[in-house]
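Worksheet for the structure shown next.
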Amino acid sequence: MLIQPSQADVRTFFCSVYARARAGEPLDAMQTIASGWIDEHPEYHDVLADQDAALRAMFDPALGESNPFLHLSMHLSVSEQCSIDQPRGIRQAVELLTHRHNSLHDAHHATMECLGSMIWESQRAGRPPDGEAYIACVQRHATQL
């Protein structure tokens, strides 16, 4: 079953994880993973601290604005993909990339570039996402000099 949370659902999730973690409240497994990525991005903490403003916020890439909710969602996606090795080979490719960068965070960012390209190409062409091209992109990042 495909789960498609709304924009408000995603923003509420990340804001609530941030609030719960700051309050020292217990987190479930997904919240724990999200909290770890939130910790890696202190530049997003102000946005996450005000849920009402976060729900209204618009982020315009043309103005150089990064969408923290998209960014954190992509970190979660890559984490989940690696945990179940889906598409097959993503875990090894990200591990190689992590070793190359000596940083899981940097490896995720490079992987997220490939993920974004795969999604964009899929939408542009009206085809299902190409997992093999995605893995190949991550592997190229891992083996570039």
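The values are calculated or read from the model by the stated rules, or taken from the named source; none is laboratory data. Remember, predicted model here, so these are calculated numbers, not experimental data. Please note: Cβ atoms are built from the backbone with ideal geometry, for glycine as well, and neighbour counts cover all protein chains shown. Surface accessibility is based on the protein's heavy atoms, side chains included, excluding ligands, DNA and RNA. Shrake-Rupley method; radii C 1.70, N 1.55, O 1.52, S 1.80 Å.
Does LEU76 qualify as being closer than 26 Å to ARG140 by Cα and of a type in the set (A, V, I, L, M, F, W, C)?
When the stated conditions are applied, LEU76 passes them.
So which pairs qualify, if the first residue must be in the range 50-68 and in contact (Cβ under 8 Å) with a residue 24 or more places away in the chain, the second must be surrounded by 12 or more Cβ atoms within 10 Å (Cβ to Cβ) and basic (Lys, Arg), the Cβ gap must be under 7 Å, and the two must be at least 6 apart or on different chains?
ALA54/ARG11; LEU55/ARG11
Can you tell me how many residues within the range 50-63 are part of a loop (DSSP other than H, G, I, E, B) and either open to solvent by less than 70 Å² (accessible area, probe 1.4 Å) or in contact with a strand residue (DSSP E or B) (Cβ under 7 Å, 6 or more places away or on another chain) (or both)?
Here the count works out to 3.
Out of all the residues in the range 61-69, is one or more under 15 Å from TRP37 (Cα atoms) and not hydrophobic (A, V, I, L, M, F, W, C)?
yes
Within the range 84-92, does at least one residue satisfy the condition of being under 30 Å from ALA53 (Cα atoms) and in a helix (DSSP H, G or I)?
no
When the range 93-131 is examined, which residues are found to be part of a loop (DSSP other than H, G, I, E, B) and basic (Lys, Arg)?
Passing the criteria: only ARG127.
Could you please tell me which pairs satisfy a Cβ distance under 7 Å, a separation of 6+ or placement on different chains, a first residue in the range 10-34 that is crowded, with 18+ Cβ neighbours inside 10 Å, and a second residue that is of a type in the set (Phe, Trp, Tyr)?
So the pair list comes out as ARG11/PHE69; PHE14/PHE69; ALA34/PHE14.
Looking for whichever is free of Cβ contacts under 8 Å to residues at least 24 places away in the same chain, outside any loop (DSSP other than H, G, I, E, B) and open to solvent by less than 80 Å² (accessible area, probe 1.4 Å) here; the options are VAL47, VAL78. Which one fits?
Working: VAL78 fails: free of Cβ contacts under 8 Å to residues at least 24 places away in the same chain.
Only one candidate qualifies: VAL47.
Hey, does the range 98-111 have a residue that's of a type in the set (A, V, I, L, M, F, W, C), closer than 23 Å to PHE14 by Cβ and open to solvent by less than 40 Å² (accessible area, probe 1.4 Å)?
yes
Can you give me the number of residues within the range 75-90 that are charged (D, E, K, R) and touching a Ser or Thr at 6+ places or on another chain (Cβ under 8 Å)?
Of the residues in that region, 0 qualify.
In the range 113-140, what residues are touching a residue at least 40 places away in the same chain (Cβ under 8 Å) and open to solvent by less than 40 Å² (accessible area, probe 1.4 Å)?
LEU115, GLY116, GLY131, TYR134, ILE135, VAL138
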